[in-house]
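To keep things clear, I will list the structure first and then write my remarks on it.
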Amino acid sequence: MLLLLLLLFMKIISHGPSTMATQVLGPHHPAAEDPLSFRLLQTFSFANHSWEYTQVSGWLDPFELQISFGCRMHSGKVSENFLNGAYQGSDFLSFQGNFWKPSPGAGSQAQEVCKVLNHYRVIKEIVQRLLIDTCPRYLAGLLEAGKSELERQVKPEAWVSKGSSPGPGRLLLVCHVSGFHPKPVWVMWMRGEQEQLGTQRGELLPNVDRTWYLRVTLNVAAGEAVGLTCRVKHSSLGGHDIIIHWDGYPIFLICVCLAVLVTVVILVLVDSWFKKQSSNQSVCSPHVPNPAFPTEANIQEPKISGSFLCLAQKSWIKNRFLKKLKISLSQL
């Protein structure tokens with residue numbers, strides 16, 4: 001259809017009914033020995049999930065014709081469409097409603113061409129169907145075919161680092177966000193709930209796995225970096241923002257508090273267990289004296305020996321437990 005419009009446009013401009021071409025665009029007399037050529041280039045652009053734009057360019061020696069058209073859908077219905085024509089790189093005419101209209105500033109040439117085109121009722125009906133029916137159905141088919149890609153959600157990973165020093169006494173804080181899809185993402189350096197206006201957003205770069213990477217920086221005085229965070233908002237996070245602390249102290253303090261709490265609970269339980277074992281006479285009770293040697297020395301010696309063994313056993317268990325606890329804490 002677009003090729004037909006270009007050919008029709010070309011015919012009107014180059015020949016036209018009777019003397020139309022001469023009246024509108026002036027005489028054109030290509031040398032008989034010079035071969036004429038016609039080239040057509042059609043480009044499809046998809047800005048987002050509801051906007052499709054098509055541009056067609058045609059070159060006929062010695063002048064250039066261009067036609068572009070597109071449509072926008074909202075909630076399954078067409079909300080906007082257009083078809084524009086250009087001659088020699090300048091806006092020339094457009095199709096609005098059911099009529100061809102000259103572009104502002106195109107002059108009498110465009111008015112005369114539109115007058116001729118408006119006589120072709122069948123062409124006007126075809127153009128209407130192209131904009132109102134064909135373009136939306138084509139766009140809907142593309143959306144259905146690419147639905148899985150459009151709905152693909154990949155959560156981002158984020159980390160912070162220090163960039164090259166921007167000057168004496170200053171720091172360049174860098175927040176890296178990578179591996180997210182779809183492309184739209186919000187990243188900002190924050191102090192509490194206050195956005196830092198000096199945040200600089202880099203260019204969104206593609207990863208090899210069809211996800212995206214973004215680098216966001218903040219130039220601050222060295223003494224003002226404490227307490228800053230990088231916050232990331234993305235559709236894949238379900239409203240749960242990623243918050244990365246620059247100094248890392250909040251996370252470290254939480255880990256330390258948890259470790260201390262767990263250690264205290266373990267020590268209380270162990271102490272309770274030792275007390276229970278001490279009260280159990282079957283475990284650490286004095287040695288029963290031999291009735292064959294009913295002397296005072298023989299009676300006292302087993303008691304001392306039994307108590308020593310019990311204390312030694314307790315000491316060995318405690319030392320072993322503390323050693324394991326020390327190793328576990330060193331690994332945190």
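The values are calculated or read from the model by the stated rules, or taken from the named source; none is laboratory data. All values derive from a computational prediction rather than experimental measurement. A quick note on method: Cβ atoms are made from the backbone with ideal geometry, for glycine too, and the neighbour counts reach across all protein chains shown. These accessible areas exclude ligands, DNA and RNA; they are computed on the full protein's heavy atoms, side chains included. Shrake-Rupley method; radii C 1.70, N 1.55, O 1.52, S 1.80 Å.
Round to a whole angstrom and tell me the spacing of the C-alpha centers of the range 201-235 and the range 153-181. One Cα centre to the other: 4 Å. Amide H to amide H distances under 5 Å link Asn207 with Trp212, Tyr213, where only residues 5 or more positions off or on other chains count and H is placed in the peptide plane. Remark: the range 199-209, residue by residue, has Karplus-estimated 3J(HN,Hα) of 4, 10, 9, x, 7, 6, 10, x, 8, 5, 8 Hz, where x stands for each Gly or Pro and the curve is 6.51 cos²θ - 1.76 cosθ + 1.60 at θ = phi - 60°. Taking Cα centre as origin and charging only the Cβ of basic (Lys, Arg, +1) and acidic (Asp, Glu, -1) residues, the dipole magnitude of the range 70-171 rounds to 200 debye. As a fraction of the 1.4 Å probe accessible area of the range 132-265, surface on carbon and sulfur atoms comes out at 62 percent. Counting only Cβ charges, +1 for Lys and Arg and -1 for Asp and Glu, the dipole size of the range 83-143 around its Cα centre is about 160 debye.
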